[in-house]
1. If only one of A:Ser102, A:Ser28, A:Ser48 is polar (S, T, N, Q), closer than 30 Å to A:Asp483 by Cβ and not assigned by TED's automatic domain parsing to the domain that holds A:Val441, which one is it?
2. For segment A:459-512, which residues satisfy the criterion of being surrounded by fewer than 17 Cβ atoms within 10 Å (Cβ to Cβ) and among the basic types (Lys, Arg)?
3. B:Leu21 is checked against (1) outside any strand (DSSP E or B); (2) within 14 Å of another protein chain (Cβ to nearest Cβ) and fails just one. What number does that condition carry?
4. Scan (1) touching a residue at least 24 places away in the same chain (Cβ under 8 Å); (2) within 20 Å of B:Glu65 (Cβ to Cβ); (3) not aliphatic (A, V, I, L, M) for the single condition B:Tyr109 breaks and write down its number.
5. Looking at segment B:125-151 only, could you name the residues that are more than 7 Å from chain A (Cβ to nearest Cβ), in a loop (DSSP other than H, G, I, E, B) and of a type in the set (A, V, I, L, M)?
6. Can B:Val81 be described as within 14 Å of chain A (Cβ to nearest Cβ) and hydrophobic (A, V, I, L, M, F, W, C)?
7. Before we move on, is B:Val167 in contact with a Lys or Arg (Cβ under 9 Å, 6 or more places away or on another chain), within 11 Å of chain A (Cβ to nearest Cβ) and in contact (Cβ under 8 Å) with a residue 24 or more places away in the chain?
8. Which members of segment A:246-277 meet the condition of being out of contact with any Gly (no Cβ under 9 Å at 6 or more places or on another chain) and assigned to a helix (DSSP H, G or I)?
Amino acid sequence: MRNAVQNILKKFGNDRGRLMDILKGVQSELGFVNEEAKKLIAEGLDMSYVDVEQTLSFYHFFTDSSRGKYTVYLNNSAVAEMMGRSDVAAAFEREAGCKFGSVTEDGLIGLYDTSCIGMNDQEPAAIINGKVFTNLTSYDVKDLVAAMRSGKVVSDLITKYGDGKNSDGLIKAMVANNIRKSGDVLLTSHKAGEGMVKALDMEPAEVVDIVKASYLRGRGGAGFPTGLKWDFCRKSNGEVNFVLCNCDEGEPGTFKERILLTEYPELVFEGMIIAGYAIEAQEGILYLREEYEYMLAYLEAVLKGMRENNLLGENILGKGFNYDIRIQLGAGAYVCGEESALIESCEGKRGEPRNRPPFPVQKGYMQQPSVVNNAETLASVVKILKNGADWYTMRGSRESTGTKLLSVSGDCKYPGVYEIEWGIRVRDILDMAGADDVQAVQVGGPSGECIGPKEFKRTICFEDLPTGGSIIIIGNKRNLIKDVVLNFIDFFIEESCGSCAPCRTLPPIMKNRLEKILNGHGVMQDVKDLEQWGAKMKMANRCGLGQTAANPILSTIRNFREKYEELIRKDVDFDSGFDLAAAVADSCEYVGRKPNL
Amino acid sequence: MSKPIVATTSLAGCFGCHMSLLDIDERILELIELVEFNKSPVDDIKVFTKQCDIGLIEGGCCNSENVHVLKEFRKNCKILVSLGECAIMGGLPALRNGIPVKECLQEAYLDGPTVIENSGKILPNDDELPMILDKVYPCHEIVKIDYYLPGCAPRADLIWNALIALVTGDELKLPYEVVKFD
């Protein structure tokens, strides 16, 4: 083990900042990072054991003990549940002979839940040893487990590859693209270098001016003006600037970066190059969520090709600009999609959001000025440079120019990615997706807004309904509170980094209250409490995750109040829901007495 | 006008909150001029003899007896006050809440280092004994609680100020010294 660990440490230059890659490397080698390995890493990086431990324990996909020769991570997002996840989970437990959260006695198969893996358009889906399996049924599970028992390699279990580059020799995934609507900005043909050639002929400040003139806003969801962000970064006094591309799309229901990286990786990388030129950086980092590791070899090959064509590296296209890109793999943490948490993660630490100010444009990666942009934002930049800001602003709405990739999933005929112009009505999206029996639409994922039919005339844009792109359609047959809201709250409980006390403690308390309401013991005060606590969450947490974690409850109380009122008791003001018989059952059974109620 | 009536009890608590109540020192003479005590360890009245205005609850609920007493208080008092950490949050006794009750009983009566002699492996199961709850519940998870006085124990001045406010209807005085805990 010593040798294996030391080789990995050497590969990353014994650099603490690369702890994520080192842990990943050791885990790939040994299957886990146990105490001995942690000690060796701490020694090799001249850091304390607990510092290694805290990074390791933070991420969902890192482990200090074996999770089986075959490790199944089955997505538990709300849409996965809608598409029959519980049957698939039951089949896995039955066939493997162990419960979720554990490994079979012989150590062969481990079963684990995981948050949305970016396959909402083809659920139920699972990641098995890094490979993605989609549209799973209980029949598939039987075959999969049998194949595992016979010792087959996981990649051999994939019999049919998806469309487009999914069948590329370096990807070989059964994932389907499901591109349902292409626009003329992003999901359209692209000749590598077209945008950057124009950029490199200008002064960096001119590039920033063009991006400003395009009114491009961040596509991760928050919508900060991209040109302004770059300008702030340029004006910060640092030694060296960095570009970070955010491909950690963890918001349940979003999978647009999957499409961009599968079909248009050059476009994303080129956007990073233009950003790098504009802020005069020399290095860019693309943060790729571990769930998309299946694309890693392919993306590395694309980068290699770009280096060979002198689109990356020294003296790019003879313009005297030096710049390169590396890919940083995540390890399973929704909060790392928050820009300062992403930076922490790139530095090999726990993905905990930083206090702001200073903002990343002032002190970001390695405490240097850094621009963190969503992959879709950077891809759009390329087309803006190629065709000009005026061309771009002809699309979209007044305050939301251009096009947007929507990830549509849930109860509809055509789940997938749609490139639309900002300003489209929700009703029109539903028509395109073939959704006719709709109870609610979750716009912007769990952290967004849940709206009902009365509001389907509203439009997708920063002026009305902003979104990072997740559109989850919830049919009339669903129990909105039980099937959707409760699932979303579980997601936030699971993904909280735990740094801010309200985000760590309130969601479980709110979940208890929600369950009390679902169990028929709710009263009006419970609804009032939920509203009041939810408002506190917005005020008292550091990052977007905590601030929006109560949104599933708040927005359904706001837009579907009648569903809560149907469930609560009107005959009393107070019902604690306490059940004495249930509370004493265990102890009475153990000591051997009949409960005397 | 008759005096407001106060009842108090200690459930799964340590009586520390009651000790703190006694810490109002000589003001206790003033207090008995202002209020009448009914069921309470202070005067040793065991059962409610009349409807009360204010009930002070120390401790959370760890067994069926606690639940029973708490419900009695709710029935007999107009206003219920959770007094101190254990009533409000479960407090120290709630440290067991992460452990299944069977394991707690096993540790207490069979395997723990303080078990000197229990060769018959006897677990207390007489019908007269209260039944142990699966976890320790704060009072508001059982009945409606009107006010909360935090602290372990709440300072005498806080209890005094709160009682005076309830009795007189004046606004509760909460100077910093009374609610700071470190």
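The values are calculated or read from the model by the stated rules, or taken from the named source; none is laboratory data. Computed from a prediction, not measured in an experiment: that's the story for all the values here. All Cβ positions, even for glycine, are placed from backbone atoms using ideal geometry, and neighbour counts span all protein chains on display.
1. Within the list A:Ser102, A:Ser28, A:Ser48, the selection yields A:Ser102.
2. Result: A:Lys477, A:Lys482, A:Arg504.
3. Condition not satisfied by B:Leu21: (2).
4. (1)
5. B:Leu129, B:Ile145
6. no
7. On the way: in contact with a Lys or Arg (Cβ under 9 Å, 6 or more places away or on another chain): yes; within 11 Å of chain A (Cβ to nearest Cβ): no; in contact (Cβ under 8 Å) with a residue 24 or more places away in the chain: yes.
The answer is no for B:Val167.
8. Scanning segment A:246-277 gives A:Leu260, A:Leu261, A:Pro265, A:Val268, A:Tyr277.
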